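**Q** I'd like to ask some things about the structure below.
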Amino acid sequence: MDNENKKDDKSINKNDKSEETSYQANSEDNSLSNVQRVKVLSPGMLVIKRFLRNRLAIIGFIIILFMFIFSFIGGFFSPYDETQVFKHIGTMSKEYVSLSLNEQYRYTSSDENIYNSNMHSKFILAKNKGETNFILDDIKYHISEEGKDFYSIFCLEPIAKITYFRNILSVNLHEGIEMPEEINNYIKTAIEQGETYFKYNSKIYVLDKDGRNYILESTQNVAFESLLIMEKATKDIEVTYEFKYFLRKALMDDEVSIFEYNGERYELIRDEYSISVNHIKPDGKEPYALASEFSIKSISQDVFLSIEFKKELIKTIMSGASSFVYPDEHGEDIEYNILRNNNMYTVKKLTNTHLISIHEQPSLKHWLGTDQHGMDVLTRLMYGGKISLVIGFIVVFLETIIGVVMGGIAGYFGKLTDMVIMRIVDVFNCIPFMPLLIIIGSVMDALDIDPKIRIYYLMLILGVMSWPGIARMVRGQILSLREQEFMIAAEATGLRISRRIFKHLIPNVIPQLIVLATLGLGGIIIYESTLSFLGLGVKFPYASWGNIISGVSTAYEMTNFWFVWIPAGMLILLTVLGFNFVGDGLRDAFDPKMKR
Amino acid sequence: MIERASINDNSTNGEIGFDDEVLKVKNLKKYYPVTSNVFMKAKSYVKAVDDVSFSIKKGTTMGLVGESGCGKTTIGKTILRLTDKTDGQVVFQGIDIHELNRKDLRKMRPKIQIIFQDPYSSLSPRMPVGEIIGEAVKDNKLIPKEEFDEYISKVMIDCGLQPYHKSRYPHEFSGGQRQRICIARAIALNPDFIVCDEPVSALDVSVQAQIINLLMELQEKYDLTYLFISHDLSVVEHISDNVGVMYLGNLVEYSDKESIFSEPLHPYTKALFSAIPVSDPDVRNERIILEGNIPSPSNPPSGCKFHTRCRECMDICKTQIPEMLEVKKGHTVACHLYTGKSLKE
């Protein structure tokens, strides 16, 4: 090959003496072996060489590399899942019992449906007015005061019409009702004595005066109203209405200490605030019921409170103490704390439960602690970085494609096409970016869009909104390149249009494009973080650096749980800084004026 | 099929007819519209080339000289159809280039090449030299694949480059070498006609000579025809066979080299040639200094366009446009001074 070249050189030299000197130099060049020749670098290699000389760019590149490894590979090494919630068993002060001093009448109904709160309120109204009757749904009810804070309610049913004139009594029974004759004597006695009711056969009958006549009404006990609350002592006991009624009656007399009901004997033990009822059985006593002016209810329905506990509780409250100790069923002493709110008392008890490990300090298990959902912060950072970076790349890819196509069309075809596209670009530049994103974010909130689909929408919106800058740059570049002489030369040599575009135009736009895209990446990551921070971008349960930071919203959390937000913030900062360093480095490297 | 444009052989005034002419430019006009807005119609036109006719014989070089802005480059580009004409004909080997459709035009492209003034901007910076030269050859399928490498090497050697330069990039070359690359790119397509658009004005004098000699050498070797556009008269004198002088879009004088350099007829040519520096310091030539600036081509003067700066301006010059007259054999001029001195009359 070399010999041939020399031959050719000589033939040229013969033809033209003026070029002799330069050709001699060339021949010498030619005789150099390949090793001795200066290594020839392509423009691309030169760019890489220049880039590698830029220390800041290398730092940026290393940062980005780290972020990639951290985000894309870190997830595989992390022993935890993105949304894994950590729990631990711990004691927690839980509400156990609520207690209030009863100042209102409570009713005890003989049958479940016969007496309800409507009647109860009618009763309160009638009692306050001093009336002894009230009517509800055309049924007459009678209030009979049996003692202090103890009223019986009777349902009245007319059974006969009575005329009593000059000691002559005539009783007209209503249809279907039969009565023994001897009741007439009772009626007569009652009328003569001016009583409004009388007892017959352990049943009360009421005489209601209706002008000159009387109406005889039979009564049925439906309920009693009392301030005293009576509760069963153990879980298994069934306390009947009748027992309660008898008990209440027995309690009216302070002297009574033993009463009989249904052939069984019951013992009443009074103390300061309550009365406990024991069932006297042949083999001993058994707690049966408790009556007090306190309403005691356990928060959890499956907990049954013993009489002793209740007594202890009442005693503590009345003595004004704020805590007491009472052994549980295993005999262990448990401390109960009492909180007062007006007439309501809440008793809290320390209980063992599964607790979500919220804001756990960094440890070997969780290197950066846990966040407000009890999830591992380091793992969330890995997955969040993945989402943030993927969003950044896809958005930049999208905006670059749209930008290159639009800018390329505008620049290559020019004239009206150019004007139309550039006006569209102007319009896009006029739209305030942030408010629009906030509005779209809240629209997506309102439409209840799935968090996963939301991420795609976010990419699409960011991509569609940010192409104009790239389109403008590409158009400018192509406009200037189109007039370059090498493009005209390419046209003159008869190259295909596609080749002219892809081999001559595009390679000359790519450097600026790479720089713009790299710098744009940082911007997009910031945008995504801002949106997620505002709760409009990537949504829980998906992690993104922005929404990890937004988990910290108060000054207390900010100062105490630094391990949640500082790492995420640092990652955003470093990534954006890295992309900017690399972008600046690429810009310098692509600048042909920068020789070395 | 390439359609053959009908050419009117009955030469009009001032046109010289050759049997073996490669290129014939007939009444070529190129007006650029002056618009301020896309939606508005052009109010006025910049008449860059206004009714120019000439023809070039095979294997010869025509030099085209004139002040900057007189339309030399526009003629060059219009001949290659890099810009569209406004009116007239460009007939290359009997085919009107401006009438071709795109496909036929692409086939025609390699036949006519152009070498630009600036060797820096006329080479794509992101392409190795071998690709720059061979790209169009490959794209137009001029050479079989097996011979391609060898062919490019041969062309490079012909143009004073070394084959190992193939893998280098333009930024590694000097201006003269770059111009050689440009020439190689043109030559590689095996053209018949090359427009040299001031190919040496960006180079220093020693390199200029090398490039000029290379061009002449290649002309001999490949039987090329040149249109050599330049404002450097000594270069034109060296390379040209015929010379055309342009002023404000018009061809004012056309002749063979000897005739025009020994006896320029048009006052503008005289003024132009008086500016050629003479190497003998004792010889003092009368220097004709033109007054005033070149008028705007969008609003050219009436009559003879040169009358505003002409020493020998007459009344007729201001109103009547002079026609090209053949004053001597093969020497035509457009000036009222020579009215009635035409050979034909």
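The values are calculated or read from the model by the stated rules, or taken from the named source; none is laboratory data. Since the structure is predicted, the reported quantities are computational estimates derived from the model, not experimental observations. With ideal geometry, Cβ positions are generated from the backbone for all residues, glycine too; neighbour counts draw on all protein chains shown.
**Q** Tell me which residues, restricted to region B:201-221, are in contact with a Gly (Cβ under 9 Å, 6 or more places away or on another chain) and within 23 Å of B:Pro125 (Cβ to Cβ).
**A** B:Ala202, B:Leu203, B:Asp204, B:Val207, B:Ile211
**Q** Here's a follow-up. So which residues in region B:103-127 are more than 7 Å from chain A (Cβ to nearest Cβ) and either modelled with pLDDT of 85 or more or surrounded by 24 or more Cβ atoms within 10 Å (Cβ to Cβ) (or both)? Give the derivation first.
**A** Step one: of region B:103-127, the residues more than 7 Å from chain A (Cβ to nearest Cβ) are B:103-105, B:107-108, B:111-112, B:115, B:117, B:119-120, B:127.
B:Lys103, B:Asp104, B:Leu105, B:Lys107, B:Met108, B:Lys111, B:Ile112, B:Ile115, B:Gln117, B:Pro119, listed by residue number.
**Q** For the condition closer than 21 Å to A:Lys94 by Cβ, without any contact (Cβ under 8 Å) to a residue 40 or more places away in the chain and not in a helix (DSSP H, G or I), what is the one hit in A:Tyr345, A:Tyr326, A:Tyr336? Steps first, answer last, please.
**A** Numbers: A:Tyr345 fails: without any contact (Cβ under 8 Å) to a residue 40 or more places away in the chain; A:Tyr336 fails: without any contact (Cβ under 8 Å) to a residue 40 or more places away in the chain.
Step by step, each of A:Tyr345, A:Tyr326, A:Tyr336 is checked, and only A:Tyr326 is closer than 21 Å to A:Lys94 by Cβ, without any contact (Cβ under 8 Å) to a residue 40 or more places away in the chain and not in a helix (DSSP H, G or I).
**Q** Does region B:75-85 hold any residues that are within 13 Å of another protein chain (Cβ to nearest Cβ) and either buried (at least 20 other Cβ atoms within 10 Å of the Cβ) or under 15 Å from B:Lys111 (Cα atoms) (or both), and which are they?
**A** If we filter region B:75-85 for residues that are within 13 Å of another protein chain (Cβ to nearest Cβ), which is where we start, we get B:76-84.
Those that are within 13 Å of another protein chain (Cβ to nearest Cβ) and either buried (at least 20 other Cβ atoms within 10 Å of the Cβ) or under 15 Å from B:Lys111 (Cα atoms) (or both): B:Gly76, B:Lys77, B:Thr78, B:Ile79, B:Leu80, B:Arg81, B:Leu82.
**Q** Give the residue, chosen from B:Thr319, B:Thr269, that is of a type in the set (Ser, Thr, Tyr) and more than 24 Å from B:Thr60 (Cα to Cα). First the steps, then the outcome.
**A** Working: B:Thr269 fails: more than 24 Å from B:Thr60 (Cα to Cα).
Of B:Thr319, B:Thr269, the one residue that is of a type in the set (Ser, Thr, Tyr) and more than 24 Å from B:Thr60 (Cα to Cα) is B:Thr319.
Okay, residues lined up against (1) of a type outside the set (A, V, I, L, M, F, W, C); (2) in contact with an Asp or Glu (Cβ under 9 Å, 6 or more places away or on another chain):
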| position | (1), (2) |
| --- | --- |
| A:Tyr151 | yes, yes |
| A:Lys161 | yes, yes |
| A:Met179 | no, no |
| A:Tyr186 | yes, no |
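**Q** Here's a follow-up. Can you name the residue in region B:161-208 that is among the basic types (Lys, Arg) and within 8 Å of chain A (Cβ to nearest Cβ) and is also farthest from B:Thr74 (Cα to Cα) among such residues? Talk me through it step by step, then tell me what you get.
**A** Here is the first cut: in region B:161-208, the residues among the basic types (Lys, Arg) are B:166, B:168, B:178, B:180, B:185.
With within 8 Å of chain A (Cβ to nearest Cβ) added as a condition, the list becomes B:168, B:185.
Numbers: B:Arg168: 32, B:Arg185: 21 Å.
It comes out as B:Arg168.
**Q** State yes or no: is A:Ile204 touching a residue at least 40 places away in the same chain (Cβ under 8 Å) and part of a loop (DSSP other than H, G, I, E, B)?
**A** Numbers: touching a residue at least 40 places away in the same chain (Cβ under 8 Å): yes; part of a loop (DSSP other than H, G, I, E, B): no.
Against the criterion (touching a residue at least 40 places away in the same chain (Cβ under 8 Å) and part of a loop (DSSP other than H, G, I, E, B)), A:Ile204 does not qualify.
**Q** Based on what the data block shows, is A:Phe68 surrounded by 14 or more Cβ atoms within 10 Å (Cβ to Cβ), closer than 30 Å to A:Lys386 by Cβ and outside the structural domain of A:His373 (by TED's automatic domain parsing)?
**A** Working: surrounded by 14 or more Cβ atoms within 10 Å (Cβ to Cβ): yes; closer than 30 Å to A:Lys386 by Cβ: yes; outside the structural domain of A:His373 (by TED's automatic domain parsing): no.
No; evaluated as a whole, the condition is false for this residue.
**Q** Looking at region A:296-316 only, could you name the residues that are in contact with a Leu (Cβ under 7 Å, 6 or more places away or on another chain) and either part of a helix (DSSP H, G or I) or hydroxyl-bearing (Ser, Thr, Tyr) (or both)? Outline the logic, then answer.
**A** Filtering region A:296-316 down to residues in contact with a Leu (Cβ under 7 Å, 6 or more places away or on another chain) leaves A:296, A:298, A:307, A:310, A:313.
Listed by number, the residues that qualify are A:Ser298, A:Ile307, A:Lys310, A:Leu313.
**Q** Still on this structure, please answer the following. Look at region A:119-169 and say how many of its residues are polar (S, T, N, Q) and in contact with a strand residue (DSSP E or B) (Cβ under 9 Å, 6 or more places away or on another chain).
**A** Residues flagged as polar (S, T, N, Q) and in contact with a strand residue (DSSP E or B) (Cβ under 9 Å, 6 or more places away or on another chain) within region A:119-169 amount to 5.
**Q** Would you mention how many residues in region B:265-303 are free of Cβ contacts under 8 Å to residues at least 40 places away in the same chain, assigned to a loop (DSSP other than H, G, I, E, B) and surrounded by 15 or more Cβ atoms within 10 Å (Cβ to Cβ)?
**A** Count: 3.
**Q** Further, regarding this structure: Mind listing whichever residues of region A:507-551 are without any contact (Cβ under 8 Å) to a residue 40 or more places away in the chain and of a type in the set (A, V, I, L, M, F, W, C)?
**A** A:Ile510, A:Phe533, A:Ile549
**Q** Looking only at helices (runs of 4 or more DSSP H) that fall completely inside region A:455-552, which ones have 2 or more residues that are within 22 Å of A:Ile387 (Cα to Cα) and of a type outside the set (A, V, I, L, M, F, W, C)?
**A** Working: elements: A:467-482, A:485-492, A:506-533, A:545-550.
By residue number, A:506-533, A:545-550.
**Q** Given the conditions (1) in a loop (DSSP other than H, G, I, E, B); (2) over 19 Å from the mean Cα position of the chain (by Cα); (3) more than 9 Å from chain A (Cβ to nearest Cβ), and given that B:Gly134 satisfies all but one, which numbered condition is not satisfied?
**A** (1)
**Q** Working carefully through the options B:Leu214, B:Leu227, B:Leu218, find the one that is within 26 Å of B:Gly76 (Cα to Cα), more than 9 Å from every other protein chain (Cβ to nearest Cβ), surrounded by 23 or more Cβ atoms within 10 Å (Cβ to Cβ) and of a type in the set (A, V, I, L, M, F, W, C). Quick ask: steps written out before the conclusion?
**A** Details: B:Leu214 fails: more than 9 Å from every other protein chain (Cβ to nearest Cβ); B:Leu218 fails: surrounded by 23 or more Cβ atoms within 10 Å (Cβ to Cβ).
Only one candidate passes the filter, namely B:Leu227.
**Q** Of the numbered conditions (1) away from chain A (no Cβ under 11 Å); (2) not in a strand (DSSP E or B), B:Gly88 fails exactly one; give the number of that condition.
**A** (2)
**Q** Across region A:494-507, what is the total count of residues that are more than 15 Å from B:Arg102 (Cβ to Cβ) and within 7 Å of another protein chain (Cβ to nearest Cβ)? Before you say what the answer is, go through the steps one by one.
**A** Just the residues of region A:494-507 that are more than 15 Å from B:Arg102 (Cβ to Cβ), to begin with: A:501-507.
Checking which are within 7 Å of another protein chain (Cβ to nearest Cβ) leaves us with A:504, A:507.
Counting residues in region A:494-507 that are more than 15 Å from B:Arg102 (Cβ to Cβ) and within 7 Å of another protein chain (Cβ to nearest Cβ) gives 2.
**Q** Let me ask something else. Test of understanding: among A:Val538, A:Val582, A:Val515, which residue is within 23 Å of the chain's Cα centre (by Cα) and of a type in the set (A, V, I, L, M, F, W, C)? Steps first, please.
**A** Details: A:Val582 fails: within 23 Å of the chain's Cα centre (by Cα); A:Val515 fails: within 23 Å of the chain's Cα centre (by Cα).
Answer to the check: A:Val538.
**Q** Quick one: which residue in A:Gly535, A:Gly469, A:Gly551 is of a type outside the set (Phe, Trp, Tyr), on the phi > 0 side of the Ramachandran plot and surrounded by fewer than 22 Cβ atoms within 10 Å (Cβ to Cβ)? Give the steps one after another, and end with the answer.
**A** Details: A:Gly469 fails: on the phi > 0 side of the Ramachandran plot; A:Gly551 fails: on the phi > 0 side of the Ramachandran plot.
Matching residue, one of A:Gly535, A:Gly469, A:Gly551: A:Gly535.
**Q** Same structure, new question: Of the residues A:Ile424, A:Ile409, A:Ile455, which single one is closer than 30 Å to A:Phe540 by Cα and either assigned by TED's automatic domain parsing to the domain that holds A:Ala471 or under 30 Å from the mean Cα position of the chain (by Cα) (or both)?
**A** Numbers: A:Ile424 fails: closer than 30 Å to A:Phe540 by Cα; A:Ile409 fails: closer than 30 Å to A:Phe540 by Cα.
Unique residue meeting the criteria: A:Ile455.
**Q** Tell me, yes or no, whether region A:555-563 has at least one residue that is in a helix (DSSP H, G or I) and within 14 Å of chain B (Cβ to nearest Cβ). Can you show your working first?
**A** Within region A:555-563, the subset in a helix (DSSP H, G or I) is A:555-560, A:562-563.
This time we only want the ones that are within 14 Å of chain B (Cβ to nearest Cβ), so: none.
No, region A:555-563 has no match at all.
**Q** Could you please give the count of residues in region A:348-392 that are touching a residue at least 60 places away in the same chain (Cβ under 8 Å), more than 30 Å from A:Gly522 (Cβ to Cβ) and out of contact with any Gly (no Cβ under 8 Å at 6 or more places or on another chain)?
**A** Start the filter on region A:348-392 by keeping residues that are touching a residue at least 60 places away in the same chain (Cβ under 8 Å), which leaves A:348-357, A:359-362, A:366, A:368-389, A:391-392.
Okay, now just the ones that are also more than 30 Å from A:Gly522 (Cβ to Cβ), so A:348-357, A:359-361, A:374.
Subset that is out of contact with any Gly (no Cβ under 8 Å at 6 or more places or on another chain): A:348-351, A:354, A:374.
Of the residues in that region, 6 qualify.
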